[in-house]
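A.B. asks: Before anything else, here's the structure in question.
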Amino acid sequence: MMHYTPQAKTLALLPKFTATLSFMGSTFIFQDVALHKRSSHRVYDRLVFGLSCSDMVASIVNILSTWPMPEGTPGVFLASGTTQTCTTQGFFAELGNMATPLYNASLCLYYLLLFRQGWTEDMIRTRAEPIMHIMPTTLAFTISILGIPFKLYNNSGWLCWIAAYPGGCQQTRTCTRGEYADMFRWIHYAIIWSAISFVTAGMYAIYRKVKTEEANINSRRLPYDQDADDIVRRNKKARKVAIQAALFIGALYLTWVFTTITRIYQIATGRNEFALLVLMAIFFPLQGFFNALIYIRPRYLRCRSRHPERGVLKVFVMALYPEKHPIHGGQNVSPGRNMHPEVLAQNYSMEANLKKDTRAGRSSAEESVEDAGRSIDTAMAKAESICQSDDSGLALSSRREEKIFLDAVEESDGVEDEFEDEETLAVNNTESARR
């Protein structure tokens, strides 16, 4: 019976747990988009859907870890496969792990077109979305298929991937498989880190755009501006979408940094470092789990605003369910369903009294609105006189950019419709409780 070291057992078993978390996270996003959202109308949902599909493939490969390696591979715990099963695992590992960061780049491009260029959802859908799906899938399939005739997929530590066989054969030029493994690894990581660099630069550009437009809008706001509240709301929403995008970048870095360091070390030294392999086995399979937490985050914030009295775990469980689920308190259930008759009668009575009070106060409210309208007209006249003293060309250009930015924020309703003003939700819930 072959003896295996604790290190070998750790590398074989650890990815199975972390990759299972990732698979569960990606599966959650998959079913949430497929079953509970109108994905045919939203580019954002379709991109996240593609991202989750590619990560599900990678997660399944990582769960298998050492199982597909040829049986009897020295020092590899649980190796039970053949050369063919190892090649299959390597193919799908390259496919899923290549497509995932490229879909992150597509998601970044979507944000850039929306916020930087001011494209509408329809423009992105017709002009850019096909490229956003074709680029990740075509490039990932091309590199993955090339690995088969070059016999690149072999034991690379704790799974089958691009590696030379037997280990260390490049120095003696005695490789029987994967002779060009080092070259393909450099190509692989050049593509991966090009995508990560693009995402980083794109998110920084979006951050600068949001900050600049916030400063422009706030500098132009007047105390008597009737659109001030709407501008503040859209500024808050723009910040939330930018934070959401930045979190996806953080997950991307956390997933790939240890993997890249490990592979560079292998190329440079021709051997494996156990500590680096452990870090890789922990963080590399977790991208789907990280993406799921980020995906759930807007919904969690909204549930927490609606139910501040509940604990973190209970709110998180609520966020896992769609908005129409009864766990959210039945706010979407019809008023008369499952309600005691006396309570229902009291509610109808309160509603009738509220309507009566509303009709009674309507006339006085109309008079107040007329007075407010006259005050606004006076204020707007003053504002126009102030604006006329500015350089008209510069002011026109600034306002045009401001309008493009605010329109993009409104378009982001199709991106993160879970984002709502938590303060407004809390106030609305308080008023509902009083009534």
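The values are calculated or read from the model by the stated rules, or taken from the named source; none is laboratory data. Because the structure is a prediction, the values reported are computed rather than measured. Heads up, the Cβs are rebuilt from the backbone with ideal geometry, glycines too, and the neighbour counts pull from every protein chain shown. Keep in mind that these areas ignore ligands, DNA and RNA; they rest on the heavy atoms of the full protein, side chains included. Shrake-Rupley method; radii C 1.70, N 1.55, O 1.52, S 1.80 Å.
A.B. asks: Within segment 121-142, work out how many residues are over 18 Å from Leu95 (Cα atoms), open to solvent by less than 80 Å² (accessible area, probe 1.4 Å) and of a type outside the set (A, V, I, L, M).
C.D. replies: The qualifying residues number 4.
A.B. asks: Then there is this: Which pairs do you get when a residue that is without any contact (Cβ under 8 Å) to a residue 40 or more places away in the chain and among the aromatic types (Phe, Trp, Tyr), found in segment 161-178, comes within reach of a residue that is part of a loop (DSSP other than H, G, I, E, B) and open to solvent by less than 80 Å² (accessible area, probe 1.4 Å), reach meaning Cβ atoms under 8 angstrom, with the pair 6+ apart or on two chains?
C.D. replies: Tyr165/Cys175; Tyr165/Gly178
A.B. asks: Being open to solvent by less than 20 Å² (accessible area, probe 1.4 Å) and small (Gly, Ala, Ser) is true for just one of Ala251, Ala246, Ala242, Ala268. Which residue is that? Spell out the reasoning first.
C.D. replies: Working: Ala246 fails: open to solvent by less than 20 Å² (accessible area, probe 1.4 Å); Ala242 fails: open to solvent by less than 20 Å² (accessible area, probe 1.4 Å); Ala268 fails: open to solvent by less than 20 Å² (accessible area, probe 1.4 Å).
The unique qualifying residue is Ala251.
A.B. asks: Got a sec? Which helices (runs of 4 or more DSSP H) wholly within segment 272-323 have at least 2 residues that are under 18 Å from Thr18 (Cβ atoms), over 14 Å from the mean Cα position of the chain (by Cα) and among the hydrophobic types (A, V, I, L, M, F, W, C)?
C.D. replies: Working: elements: 274-283, 287-306, 312-319.
Answer list for segment 272-323: 274-283.
A.B. asks: Any idea how many residues of segment 94-106 are open to solvent by less than 10 Å² (accessible area, probe 1.4 Å) and farther than 13 Å from Ile192 by Cβ?
C.D. replies: 1
A.B. asks: A further question on this structure: Taking interchain pairs and intrachain pairs at least six residues apart, which have beta carbon atoms under 6 angstrom, with the first residue in segment 17-40 and over 14 Å from Ile294 (Cα atoms) and the second among the β-branched types (Val, Ile, Thr) and modelled with pLDDT under 90?
C.D. replies: Here the result reads Ser39/Val33, each pair linking segment 17-40 to a residue that is among the β-branched types (Val, Ile, Thr) and modelled with pLDDT under 90.
A.B. asks: Considering only segment 145-180, state which residues are open to solvent by 60 Å² or more (accessible area, probe 1.4 Å), assigned to a loop (DSSP other than H, G, I, E, B) and under 20 Å from Leu95 (Cα atoms).
C.D. replies: Going residue by residue through segment 145-180, those that are open to solvent by 60 Å² or more (accessible area, probe 1.4 Å) are 145-146, 148-151, 165, 167, 170-174, 176, 179-180.
Now narrow it down to the ones that are assigned to a loop (DSSP other than H, G, I, E, B): 148-151, 167, 173-174, 176, 179-180.
Selection gives Ile148, Pro149, Phe150, Lys151, Tyr180.
A.B. asks: Considering only segment 116-139, I want to know if a residue exists there that is closer than 30 Å to Lys9 by Cβ, more than 19 Å from the chain's Cα centre (by Cα) and assigned to a helix (DSSP H, G or I). Steps first, answer last, please.
C.D. replies: Just the residues of segment 116-139 that are closer than 30 Å to Lys9 by Cβ, to begin with: none.
No, every residue in segment 116-139 fails to be closer than 30 Å to Lys9 by Cβ, more than 19 Å from the chain's Cα centre (by Cα) and assigned to a helix (DSSP H, G or I).
A.B. asks: Determine which single condition Gln31 fails, assuming it passes every other condition in (1) over 30 Å from Ser80 (Cβ atoms); (2) touching a helix residue (DSSP H, G or I) at 6+ places or on another chain (Cβ under 6 Å).
C.D. replies: Result: Gln31 passes all but (2).
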